[in-house]
1. Have a look at ALA68, VAL53, HIS82 and report the one farthest towards the positive end of the charge dipole of segment 9-91, computed about the Cα centre with Cβ charges (Lys/Arg +1, Asp/Glu -1).
2. Please give the charge dipole size of segment 1-66, origin at the Cα centre, charges +1 on K and R Cβ atoms and -1 on D and E Cβ atoms. Round to the nearest 20 debye.
3. Please work out the C-alpha center-to-center distance from segment 95-135 to segment 13-91 and express it in whole Å.
4. Note down the relative contact order for segment 59-120 as a percent, whole number, built from C-alpha pairs under 8 angstrom at least six residues apart.
5. In percent, what relative contact order does the chain have, based on Cα pairs under 8 Å that are 6 or more apart in sequence?
6. Which entry in [x] 35; [y] 43; [z] 27 matches percent of Cα pairs over 23 Å apart derived from the coordinates of this structure?
7. Quick one: accessible area per residue over the chain, 1.4 Å probe, rounded to a whole number of Å²?
8. Under 16 Å from a label point 7 Å along Cα→Cβ of LEU139: give me every residue in segment 92-116 with its amide N that close.
Amino acid sequence: MSDAFTTRVLNIASGSRERVVDLTPDCEAFLREAAAGRDGLLNVFVPHATAGVAIIETGAGSDDDLLAALRTLLPADDRWQHRHGTPGHGRDHVLPAIVPPHATLPVINGQLELGTWQSVCLVDTNISNVNRQVRLSFLG
């Protein structure tokens, strides 16, 4: 694989509750090695059918607000046709249509170009799958 493309898989223990996990420090650490001061693109991909990637403010309540909004939009009840797993699990399979399983972000001089309050986050509503993988790929 050339220096122009580098990839790494993160293993994230998201736990047995709905969570928004800030991946920004992991992305920055990856870019310090992979980008080495170059410009390019960072792709963040979650290879799961029940999780997504969001660019959102964290630590000021927005992450909890996102989970509350998802509970309103996608209630964990018996309305879902997809019925294996915990009650309401079918909604977890709809989540990636609302919170996509990927994001592509600019990297300038080896630094992730986020706005002041933006963070890269894993969004996981599936309480039955406590371990997630996130693939970080740098193209530059």
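The values are calculated or read from the model by the stated rules, or taken from the named source; none is laboratory data. Bear in mind the structure is a predicted one, so any value in this text is a computation, not a measurement. With ideal geometry, Cβ positions are generated from the backbone for all residues, glycine too; neighbour counts draw on all protein chains shown. Side chains are part of the model used for accessible areas, which takes the heavy atoms of the whole protein and leaves out ligands, DNA and RNA. Shrake-Rupley method; radii C 1.70, N 1.55, O 1.52, S 1.80 Å.
1. HIS82
2. 280
3. 6
4. Working: 31 pairs, mean separation 10.5, N = 62.
The normalised contact order for segment 59-120 reaches 17 percent.
5. For the chain, the relative contact order is 52 percent.
6. Checked against the structure: label [x].
7. Heavy-atom SASA per residue in the chain reads 52 Å².
8. 102-108
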